[in-house]
Structures are given as C-alpha cells and as structure tokens.
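So the structure is just underneath, and the comments pick up after that.
The values are calculated or read from the model by the stated rules, or taken from the named source; none is laboratory data. It should be emphasised that the depicted structure is a prediction, and the values quoted were computed from it without experimental measurement. So basically every Cβ, Gly included, is an ideal-geometry build from the backbone, and we count neighbours across all protein chains shown. Remember, those area values only see protein heavy atoms, side chains included, never the ligands or the DNA or RNA. Shrake-Rupley method; radii C 1.70, N 1.55, O 1.52, S 1.80 Å.
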Amino acid sequence: YESNNTIFSNLNIKVNKGEIIGIIGETGTGKSTLVDLIMCLIKPDKGILSIDGVNLYEDYSEYKIQSWRNNISHIPQNIFLSDATISENIAFGITKSLIKQNRVREVAKLAQIHLFIENNLGGYDQLVGEKGIKLSGGQVQRIGIARALYKESPLLIMDEATSSLDIKTEK
C-alpha cells in the first residue's frame, strides 16, 4: 500500500466472546486487510489492536502476538494442501504420530467430507496429490474447514471460506 493511502479511519470494532460477525463489502474495500490486522499479520500504522484490554503492540512483544495468533483458526479463500494424506492435511502441522484420528474424523464430519473420504478416496491415509490435485475445489475447501476446526481455537476467521461450496453445504 502507498503510505499516504488511508484504508481505515476511526475504525472501532468490538466483538464479544461467542459472537458471530460478518465483514461484507465490495471487492477492494479492505475486508482481507481488516482480517490481516485482526490476525496480527500486518501492523496498523496508527491506533491500537486491543484484545481483552491488552494492546498487542504496546511494548511490542512477539510472544504477545504469537499468543494471540495461537487463538485463531483461519480458513482462507485459497486452501494450501501438501502432497500428504488427508489426515495430515486436516491436522496440518502436527507430527503424523501425534495426529488424533478420532478428532480428524469428527471435524471431517462437521465439514461434510467424511463420507466422501471413506467412500471415494479409500480413507484418511489417501494422498491428495500436490496442491490437492486429486480433489475438487469444494473438497479442498471442506478439508480447509476441517483443518480450522481440528485446531479448536476460540476464534474462527473465514475469508470467503465457502465460495467453492454448493449452496446446501454452505448453509
């Protein structure tokens, strides 16, 4: 961004625990930028980001920032899948021997991909191919949703996370 281009001015957002909010707007209005600010992926030029009364950037501490990020599960618009098993992609970043298979199945059911995995792919040990080449866009999206749910974070951020799903599944 150009330094003289203000994206937000006098923006104040308060989200209470358990609340569900949606950020909507036209393309290019700053929705993804706002999400990046909330996740501390970018730092505001002015103002503060306060979580439970704690300014995350006051007395800048990478520990504070990382602690906040650990509370977030994010489903981006574009899901990255590694050339690994379905289980490994759902429990992304977890050592294979530490993956909780019961949890993987539970979140796959919530993301409505369990039956497809069992019936069409031969189970959770099936390789998905580089970037999920063996899956449709909707199936990749569902694995991304299952991945976010696997983490069990108190904050779930979805950035157009259902754009590749059919209307019934999206609801």
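Of note:
- Loop exposure criterion: GluC sites (Glu not before Pro), DSSP state outside H, G, I, E and B, at most 15 other Cβ atoms within 10 Å. Applied to the chain, the longest stretch between such sites is 59-151.
- Expected 222 nm ellipticity per residue - DSSP helices of 4 or more, -39500 (n - 2.57), all of the chain, to 500: -9000 deg cm²/dmol
- Area of residue 83 that stays accessible when all protein chains are in place (1.4 Å probe, Å², to 10): 100
- Each other residue within a Cβ distance under 13 Å of residue 90 adds +1 if Lys or Arg and -1 if Asp or Glu, for a net charge of +4.
- With every protein chain in place and a 1.4 angstrom probe, the accessible-area ranking of 43, 17, largest first, reads 17, 43.
- Candidates per chymotrypsin sites (Phe, Trp or Tyr not before Pro) in segment 47-155, loop by DSSP, up to 11 other Cβ within 10 Å: 60
- q = 0.10 Å⁻¹: log10 I(q)/I(0) that the Debye formula gives for the chain, counting C-alpha atoms only: -0.46
- Per residue solvent-accessible surface (Å²) - the chain, probe of 1.4 Å: 68
- For the residues 103, 69, a 1.4 Å probe over the protein chains yields an accessible-area ranking, largest first, of 69, 103.
- Remark: for residue pairs 100/134; 17/131; 31/64; 17/96, the C-alpha separation exceeds 29 Å in 17/131; 17/96.
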